[in-house]
1. Quick check on this structure: which one of 91, 116, 102 is part of a helix (DSSP H, G or I) and within 25 Å of the chain's Cα centre (by Cα)?
2. With respect to residue 52, is the statement that it is in a helix (DSSP H, G or I), surrounded by 14 or more Cβ atoms within 10 Å (Cβ to Cβ), on the phi < 0 side of the Ramachandran plot and without any contact (Cβ under 8 Å) to a residue 24 or more places away in the chain true?
3. Which one is nearest to residue 116 (Cα to Cα) among residues in segment 74-88 that are in contact (Cβ under 8 Å) with a residue 24 or more places away in the chain and in a helix (DSSP H, G or I)?
4. Would segment 27-37 turn up any residue that is at pLDDT 65 or above, surrounded by 10 or more Cβ atoms within 10 Å (Cβ to Cβ) and farther than 30 Å from residue 111 by Cα?
């Protein structure tokens, strides 16, 4: 009995495998491929690739550079006016963007300037 079951399973697997092979052969014969290649297609591919790189730069790189610039600017300014934790303010500006920049320049910096007016000059002032 076990031998009969194994023969039936093997026959079924063979039939299924043959059917899949036949179906894939028939499906492959329906398509024709054109392997010709010309300069117009190459130029179009280059333009599309360039647009992808440009899109990547505009969407990701430029805003990141702006955020790094804001963070560096706030860090240097906070160091100049002796604000507590200038690195923290730079990181906060990087993470929150224009909101952190506005908080620093509208709330924190005026207080630091007032403190220095009564005391010493900023670090790099002459």
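1. On the way: 116 fails: within 25 Å of the chain's Cα centre (by Cα); 102 fails: within 25 Å of the chain's Cα centre (by Cα).
Going through 91, 116, 102 in turn, just one is part of a helix (DSSP H, G or I) and within 25 Å of the chain's Cα centre (by Cα): 91.
2. On the way: in a helix (DSSP H, G or I): yes; surrounded by 14 or more Cβ atoms within 10 Å (Cβ to Cβ): no; on the phi < 0 side of the Ramachandran plot: yes; without any contact (Cβ under 8 Å) to a residue 24 or more places away in the chain: yes.
Answer is no for this residue.
3. In the first step, residues of segment 74-88 are kept if they are in contact (Cβ under 8 Å) with a residue 24 or more places away in the chain; the result is 74, 77-83.
Retained after the next criterion (residues that are in a helix (DSSP H, G or I)): 74, 77-80.
Values: 74: 17, 77: 13, 78: 12, 79: 12, 80: 10 Å.
Out of the qualifying residues, it is 80.
4. Taking every residue of segment 27-37 in turn, none turns out to be at pLDDT 65 or above, surrounded by 10 or more Cβ atoms within 10 Å (Cβ to Cβ) and farther than 30 Å from residue 111 by Cα.
The values are calculated or read from the model by the stated rules, or taken from the named source; none is laboratory data. Since the structure is predicted, the reported quantities are computational estimates derived from the model, not experimental observations. Virtual Cβ from ideal backbone geometry, glycine too; neighbours counted across all protein chains shown.
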